[in-house]
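The values are calculated or read from the model by the stated rules, or taken from the named source; none is laboratory data. Quick caveat: nothing in here was measured; it's all calculated off a predicted structure. Cβ: placed from backbone, ideal geometry, glycine included. Neighbour counts: every protein chain shown.
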2 protein chains.
Amino acid sequence: MKRVIFMNKIESTFKNSLGQTYEPFKTADLESLEIERVAPKVKTMPTTGTKRVDDIQEVIKRTGLKDGMTISFHHHLREGDYVFNQVMTEIKNMGFKDLTLAPSSLTNVMNDMVVECVKAGVITSITSSGMRGSLGEFVSSGQMENPVILRSHGNRARAIECGEIKIDVAFLAVPCSDDYGNANAVNGKAVFGSLGYARVDAQYADKVVLITDTICGYPNTPISIPQTQVDFVVKVEEIGNPDKIGAGATRFTKDPKELKIAEMVNNVIVNSEYFKDGFSFQTGTGGAALAVTRYLRNSMIANNVKASFALGGITRPTVDLLEEGLIDTIVDVQDFDKGAALGMAENAKQQEIDASFYAGPHNKGAVVNKLDVVILSALEIDTNFNVNVMTGSDGVLRGAIGGHQDAANAKLTIISAPLVRGRLATIVNELTTVVTPGESIDVVVTEIGIAINPARQDLMEQFKNNPSIPVFTMAELQARAEKIVGVPEPIEYTDKVVAYVEYRDGSLIDVVKQVKE
Amino acid sequence: MKRVIFMNKIESTFKNSLGQTYEPFKTADLESLEIERVAPKVKTMPTTGTKRVDDIQEVIKRTGLKDGMTISFHHHLREGDYVFNQVMTEIKNMGFKDLTLAPSSLTNVMNDMVVECVKAGVITSITSSGMRGSLGEFVSSGQMENPVILRSHGNRARAIECGEIKIDVAFLAVPCSDDYGNANAVNGKAVFGSLGYARVDAQYADKVVLITDTICGYPNTPISIPQTQVDFVVKVEEIGNPDKIGAGATRFTKDPKELKIAEMVNNVIVNSEYFKDGFSFQTGTGGAALAVTRYLRNSMIANNVKASFALGGITRPTVDLLEEGLIDTIVDVQDFDKGAALGMAENAKQQEIDASFYAGPHNKGAVVNKLDVVILSALEIDTNFNVNVMTGSDGVLRGAIGGHQDAANAKLTIISAPLVRGRLATIVNELTTVVTPGESIDVVVTEIGIAINPARQDLMEQFKNNPSIPVFTMAELQARAEKIVGVPEPIEYTDKVVAYVEYRDGSLIDVVKQVKE
């Protein structure tokens, strides 16, 4: 049985980053707690001090970085990021050991460097939202001693706020900054829009280094990261290629099956009680999810319905809806393409927020709590509606939690996924890894029809006898998938845990084990 | 000898708010320190929770306020504030005792209520930036057991950041908020522009209550105070009268003497090395200071000089310069009139900042560190350039530190003041109270001419042989003042300390003693 944690059979050797035995995941319905926040140690600036440092090696020295410390980066530049590799090259060359790497996520462009640093003992612990490609394979093959900790974007904010992640030095790429550290991501050469993830690091890290290719006159506005949180500013040649922000998971689909799913997702939204003036939504990324925005636009116009806000992970089609007046406000933690990034500079109603505001489960209320409709993707869904977005059907790490667990809080959480992908079933009896619990999921949409969580009898009523929305049980969908691709060979694992999958409240929802060769 | 502290003769009974013997003031040239920040205790919001509470009495109960706790308010609405009295009436009626009152400052409209609450034992400790009128007289007459602690705006931010002020419950008036606590002060009925002081309270208080007369649709943008920091939202009939923000210290002068001083201040600025393209300035309030902005405007146009930023305490004439293109950015912690407040809604270059960003001495660099020219007012200046803005010549509390100590960090700090006011000398041999140390002051401007701090030989060079800038020594100016009004009777004090005057780093620069009847 793979899902030990989710079944509440937790092992006492499973320890969180504070060395405490993990609490097993209990419920997505989080109770109110009293949390003692932590705060950084601040080296104060004398009146006449300067923050400009000539190069990355020099700034690493100035931060006081030591073996065993925790360093962070953000992933807003995604596959166009140049800063991670520049900084890690210096750190590796300077001979640091035993560091914890705690970025907001890891993109493919960072993989080889991380593997190299792990092999050299420079990095010995990792926490991230995602892990793909060569790094995913490396970790899944058991070559790291310490299990990776996988956290959602909201959970990372929570872990930083309570000290489970204590960032000693944050290295933050910014498209522009003045010489005193006022930075934003809407002006400069490599504009990426929202600095949502990075803002949490800037607030909580002891030492904050901004790395930019564009120094502006003082004071640089708008101010996404304020001078009061910044120790050093370093100018480099280039921080990244903004054309590659949209690479990977954010391409537009032309696949007829994906379009069919998108259309059905839109039918579900439009026929639900939530589709009314002032509703809110998050469409996210992934081929089908992006196409939903196009269908939704037409439905909104046809029904004269306007949205109060769109949330996310923002793409250009959503910004277009804002400009058309179909959305009142975009609440923006991250921009998934250059078009969305550029939108923020032009429209004050594209409001930047930080990761805690987006999804933090232990603050005074994140915006995901206010969300009506979310469309999320899945690598696998089981018949209890549990979702895997982290490992492939071969058990290897090749995904990211992102905001999945967090946004699944919405009143109507829709998983859009094809029944099968190639020769692999998407709807399965048993997941390789549980990431988001089935109790969060309301509807699963496939190309042949939908399944409704039995806990949502109200939705059953709303969608019955609607010819545009064929309703199945999950068992029926699973059987259909199995009929197409058959039953796969079970994956064989060793006993070694290679990754902990935390739920957004810091409990343990699953572990990923080493795949047998 | 009155100035015991400033002369480094500190008494061990002088204790700061943490109960530690005060460090005596040493220097305005603050060294770099490592500071452990504190953080609030956060009651997390369950997914479906609500923040709306019907009335003030109910919200006081919900905050868990207890005897002995610390409560805070802001003074952005100045003499137009309705919220302080509404909240304190309920707190008094509910029978709370032994509270510490820690507002950003106290305006006259709050005075009678504070006196009443002190007499009733509801309030037993006060920290504030200022204290005037009936409250100043009450405290100066020795009727409070605990000395009041007087802090500059930057020092208050510092004290909150390090836990010297621990706010249990903040009651914050906002002109608009959505039902989840996203608030700003640029929309609504009682618009006051920047929420700069309140933002520090929202970040550090355990419980944050927003009090508004305008509930907006969710999400309310721009976001000055974010939902993640807010526990409760209460709607009242009216939070204040924005027409009275400008009352008091911010009127425009027609006094020929004040205009003469303003013209001379402008001559000093324009003839200094700092007056060049990209310079920065803070003019502040007070009759002459406001008029400076008008003269400066003409000089900027005539010399084709534009400012990079203006700082402060902002008034409408400064916003007009922004709109004319004579200033690139306004860095705005507080708006001193309705016109300035309304400006923020219209121009993204009128950038809201919080009090720590403005003036915090123990962060990673406040904007006052970047300031070229500041014009400050004074109740008294002594021949060593020390300045009193806190007590009258009768020794009674009737002023406010405001940002005086903080902004005096500028490269060219100008005190503008008449030689005498009525029958009282402004330039004196000995101050009733030292607030800002002479080492921070570069030039004193009066209606007959200026005095230059002997430490600034460079300025002596810049202003010599300039017929528009007659230069005197402070002794000469003092003698001229004395010749006009004579030597006043010395004030008689008891031994009772009624107020501690902290320097911006939390050291003690002076004490105010009870005035003998």
- Item | Selection status of A:K338, within 14 Å of chain B (Cβ to nearest Cβ), over 18 Å from A:G403 (Cβ atoms) and surrounded by fewer than 22 Cβ atoms within 10 Å (Cβ to Cβ) | no
- Options B:T100, B:T89; residue that is away from chain A (no Cβ under 14 Å), part of a strand (DSSP E or B) and at pLDDT 95 or above: B:T100
- Query: Just checking, how many residues over the range B:217-244 are over 20 Å from B:R156 (Cβ atoms) and either away from chain A (no Cβ under 11 Å) or β-branched (V, I, T) (or both)?
  - Reply: 16
- In the set A:L326, A:L322, A:L296, which member is surrounded by fewer than 24 Cβ atoms within 10 Å (Cβ to Cβ) and more than 14 Å from every other protein chain (Cβ to nearest Cβ)? A:L326
- Message: On the basis of being touching a residue at least 24 places away in the same chain (Cβ under 8 Å), of a type in the set (D, E, K, R) and closer than 13 Å to A:N388 by Cβ, does A:E430 make the cut?
- Response: yes
- Enumeration of residues in the range B:347-386 that are small (G, A, S), more than 28 Å from B:F472 (Cβ to Cβ) and either under 14 Å from the mean Cα position of the chain (by Cα) or modelled with pLDDT under 95 (or both): B:A348, B:A355, B:S356, B:A359, B:G360
- Here are A:E273, A:E258, A:E323, A:E263: which of them is in contact (Cβ under 8 Å) with a residue 60 or more places away in the chain and over 24 Å from the mean Cα position of the chain (by Cα)? A:E273
- Output the residue which, of all residues in the range A:307-319 that are touching a Gly at 6+ places or on another chain (Cβ under 7 Å) and outside any helix (DSSP H, G or I), is surrounded by the most Cβ atoms within 10 Å (Cβ to Cβ). A:G312
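Can you find, within the range A:24-39, the residue that is nearest to A:P219 (Cα to Cα) among those that are part of a loop (DSSP other than H, G, I, E, B) and not charged (D, E, K, R)?
For the range A:24-39, the residue satisfying everything is A:A39.
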- Query: How about the range A:97-129: which of its residues are in contact with an Asp or Glu (Cβ under 6 Å, 6 or more places away or on another chain) and buried (at least 21 other Cβ atoms within 10 Å of the Cβ)?
  - Reply: A:T107, A:V109
- Note on the structure: Scanning the range B:60-86 residue by residue, the ones that are farther than 17 Å from B:P147 by Cα, of a type in the set (G, A, S) and not in a helix (DSSP H, G or I) total 2
- What number of residues in the range A:361-391 are outside any loop (DSSP other than H, G, I, E, B) and more than 10 Å from chain B (Cβ to nearest Cβ)? 10
- Scan the range B:270-296 for residues that are farther than 15 Å from B:I375 by Cα and among the charged types (D, E, K, R) and jot them down. B:E273, B:K276, B:D277
- Message: For B:F73, only one of the following conditions fails: (1) more than 14 Å from chain A (Cβ to nearest Cβ); (2) without any contact (Cβ under 8 Å) to a residue 12 or more places away in the chain. What is its number?
- Response: (2)
- Filter result for B:F357 (within 11 Å of another protein chain (Cβ to nearest Cβ) and either in contact (Cβ under 8 Å) with a residue 60 or more places away in the chain or surrounded by 24 or more Cβ atoms within 10 Å (Cβ to Cβ) (or both)): yes
- Message: I'd like to verify a number: residues in the range A:320-360 that are part of a strand (DSSP E or B) and within 20 Å of A:P222 (Cα to Cα), how many?
- Response: 10
- Query: Within the range A:107-159, can you find the residues that are hydrophobic (A, V, I, L, M, F, W, C) and either more than 16 Å from A:T89 (Cα to Cα) or modelled with pLDDT under 95 (or both)?
  - Reply: A:I126, A:M131, A:L135, A:F138, A:V139, A:M144, A:V148, A:I149, A:L150, A:A157, A:A159
- Restrict the check to the range B:135-157 and report whether at least one residue is closer than 25 Å to A:R37 by Cβ, within 13 Å of chain A (Cβ to nearest Cβ) and among the basic types (K, R). no
- Message: Kindly evaluate A:R78 against the criterion of being charged (D, E, K, R), touching a residue at least 60 places away in the same chain (Cβ under 8 Å) and closer than 22 Å to A:V333 by Cα.
- Response: yes
- (1) in contact (Cβ under 8 Å) with a residue 12 or more places away in the chain; (2) assigned to a loop (DSSP other than H, G, I, E, B); (3) within 14 Å of another protein chain (Cβ to nearest Cβ); (4) over 30 Å from A:M390 (Cα atoms): which one isn't true of A:V42, the others all being true? (2)
- Query: If you go through the range A:245-252 one residue at a time, do you hit one that is of a type outside the set (A, V, I, L, M, F, W, C), surrounded by 17 or more Cβ atoms within 10 Å (Cβ to Cβ) and not in a loop (DSSP other than H, G, I, E, B)?
  - Reply: no
- May I ask you to say which residue of A:V83, A:V59 is farther than 28 Å from A:I509 by Cβ, under 23 Å from the mean Cα position of the chain (by Cα) and not assigned by the TED database to the domain that holds A:N388? A:V83
- Query: Which numbered condition trips up A:A289, out of (1) closer than 29 Å to A:P175 by Cβ; (2) crowded, with 24+ Cβ neighbours inside 10 Å; (3) touching a helix residue (DSSP H, G or I) at 6+ places or on another chain (Cβ under 7 Å)?
  - Reply: (3)
- Task: Report whether or not A:V333 is more than 14 Å from every other protein chain (Cβ to nearest Cβ), of a type outside the set (K, R), in contact (Cβ under 8 Å) with a residue 24 or more places away in the chain and closer than 21 Å to A:H404 by Cα.
- Result: no
- Scan the range A:66-73 and give yes if some residue there is modelled with pLDDT of 95 or more, surrounded by 20 or more Cβ atoms within 10 Å (Cβ to Cβ) and in contact with a helix residue (DSSP H, G or I) (Cβ under 7 Å, 6 or more places away or on another chain), otherwise no. yes
- Take the residues of the range B:12-39 that are at the interface with chain A (Cβ under 7 Å from one of its Cβ atoms) and either of a type in the set (D, E, K, R) or at positive phi (or both): which is nearest to the chain's Cα centre (by Cα)? B:D29
- Look through B:A302, B:A345 and report the one residue that is away from chain A (no Cβ under 11 Å), surrounded by fewer than 20 Cβ atoms within 10 Å (Cβ to Cβ) and not hydroxyl-bearing (S, T, Y). B:A302
